[in-house]
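> Take this structure, written in structure tokens, and hold onto it; I'll ask about it next.
The values are calculated or read from the model by the stated rules, or taken from the named source; none is laboratory data. All of these numbers come straight from a predicted model, not from anything done at the bench. Don't worry about glycine lacking a Cβ; one is built from the backbone with ideal geometry, like all the others, and counts go over all protein chains shown.
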Amino acid sequence: MIEFSLTKEQEEIKAKYRDFSDRWIVPNRLKYDQLAEFPWSVVKAAYDEGIMNGPMSTEFGGHSHSLLDGALASEELGAGCVGIGICIDANTLALTPLYIAANETLQKKWFGRINEEKGVAAYCLTEPNAGSDVQGIKTSAIKKGDKYIINGHKRFITNAEVSSFLTVFALTDPEKGSRSLTAFLVPSDTPGIEFKPRLNKMGQKASVQNEIIFTDVEVPAENMIGDEGYGFIIAMKTFDRTRTGVAALSVGNARAAFETAKEWSKNRKQFGKPIAANQAIGFMLADMATKIETARLITWYAAWAYDHDKSKLNKLSAMSKLYASDIGMEVTTDAVQAMGGDGYTWEFMVEKMMRDAKLCQIYEGTNQVQRLVISKAILKEQ
Ligand SMILES: Cc1cc2nc3c(=O)[nH]c(=O)nc-3n(C[C@H](O)[C@H](O)[C@H](O)COP(=O)(O)OP(=O)(O)OC[C@H]3O[C@@H](n4cnc5c(N)ncnc54)[C@H](O)[C@@H]3O)c2cc1C
């Protein structure tokens, strides 16, 4: 049986996130985009209103959201502003290793602290020579007594300078390479951690990134997340849970751009009639609406697959991220085009949506990497 309707609880989640987005994100998105500053006011409000950390269990201050619940939530955040939405979702990315792989003592301590501080964490995987190719990681964590000493260099790390702690992936035995990749929870104020100046970038400007240098950073052995050598598996299992979130943010962003362009083209008159009455614009809107519906379907299907039957998970979550972020770029670009000069100004925000869409094709694995994952999976299928 195929069932497309949402349950009452899912409708409530959607309504709750839409309401939050309308009251907190939409009114603040231009300000934070222009300032390129972390939106603390919105994140604190998100904690106060039960918006943060949805996929974590209630025991750890979350809401035990399924992946489908999370996709509904992220679409609404993305419809408000992907830049602000990713501040919330990147925190989930950083907390996921702690949630899925850490022991109870570490979970209780750090979920307790992050919720009490109403803070955020940062996920530290990428390095100068390890972007798409995670096997290139060089950061090391060498055991010394009951501590690990971390040395290395991470870059493009979202939430870094505003974080309470870092989830760091490092090699415990550089000679063994990625077979020794291990995850550690590192408090951000640990001596030896240097945050480089904030990255200047094209879009999603409310979300901040830094390079991080680790010089003889001491971490107690008890801060290891999961077992030694399981870092690669933990990193990949984390992405399995978060790629549908990026897909859903993209769907929300595309939806907002489409709705803006649709309303505008019904009202804007040229040659004595609304521009929407021209087939060129009407068909553009038709294509935009079709792409958004299909992107939402693959996103929901991938999220549902994670919640019910993990066998096709890898392929579907990669497909959802690939397809939804590609159509996010197309739809937002068309929205700017459909609106002419007005589309290019700050007033209607579609130029911002277009800038924001681009990054969804790059982070959490570029879309070329998603195609690698998909092709590997389909070629294995009988
Ligand atoms: C704003 C921003 C926020 C980010 N946040 C985080 C974060 O919080 N934590 C974190 O760890 N990382 C983060 N990243 C890093 C991000 O995940 C990487 O940028 C991404 O994985 C790509 O790596 P790269 O930039 O080194 O590109 P490269 O790997 O150098 O790739 C360059 C190009 O080559 C293509 N390519 C590479 N290998 C192949 C291949 N085998 N086949 C075909 N094409 C290939 C890529 O698709 C891309 O088009 C962030 C990046 C940005 C820009």
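> May I ask you to say which residue of V162, V168 is without any contact (Cβ under 8 Å) to a residue 60 or more places away in the chain, outside the structural domain of K44 (by TED's automatic domain parsing) and farther than 28 Å from D309 by Cα?
Checking each option against the conditions leaves just V168.
> Of the residues in the stretch 174-186, how many are within 13 Å of C124 (Cβ to Cβ) and of a type outside the set (A, V, I, L, M)?
Summing the residues that are within 13 Å of C124 (Cβ to Cβ) and of a type outside the set (A, V, I, L, M) in the stretch 174-186 gives 2.
> Then there's this: Sort through M202, M236 and tell me the only one that's outside the structural domain of R29 (by TED's automatic domain parsing), within 30 Å of W300 (Cβ to Cβ) and away from the ligand (no atom under 12 Å from the Cβ).
M236
> Something else now. Please give the strands (runs of 3 or more DSSP E) falling wholly within the stretch 71-163 in which 3 or more residues are within 16 Å of the ligand (Cβ to nearest atom).
Of the strands (runs of 3 or more DSSP E) lying wholly inside the stretch 71-163, those with at least 3 residues that are within 16 Å of the ligand (Cβ to nearest atom) span 120-124, 147-158.
> So, one more: Consider the stretch 44-70. How many of its residues are touching a residue at least 60 places away in the same chain (Cβ under 8 Å), within 28 Å of G229 (Cβ to Cβ) and outside any loop (DSSP other than H, G, I, E, B)?
Within the stretch 44-70, residues that are touching a residue at least 60 places away in the same chain (Cβ under 8 Å), within 28 Å of G229 (Cβ to Cβ) and outside any loop (DSSP other than H, G, I, E, B) number 1.
> Could you count how many residues in the stretch 1-59 are within 25 Å of T294 (Cα to Cα) and aromatic (F, W, Y)?
2
> For the stretch 167-199: of the residues being of a type in the set (D, E, K, R) and more than 15 Å from the ligand (Cβ to nearest atom), which is surrounded by the fewest Cβ atoms within 10 Å (Cβ to Cβ)?
E175
Conditions (1) surrounded by 13 or more Cβ atoms within 10 Å (Cβ to Cβ); (2) more than 18 Å from the chain's Cα centre (by Cα), marked per residue:
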| site | (1), (2) |
| --- | --- |
| F4 | no, yes |
| A15 | no, yes |
| V26 | yes, yes |
| R29 | yes, no |
| D33 | yes, no |
| F38 | yes, no |
| V43 | yes, no |
| D48 | no, yes |
| N53 | yes, no |
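> Considering F20, F4, which residue is farther than 15 Å from C87 by Cα and aromatic (F, W, Y)?
Going through F20, F4 in turn, just one is farther than 15 Å from C87 by Cα and aromatic (F, W, Y): F4.
> Look at the stretch 247-283 and say how many of its residues are within 25 Å of L77 (Cα to Cα) and out of contact with any Leu (no Cβ under 8 Å at 6 or more places or on another chain).
12
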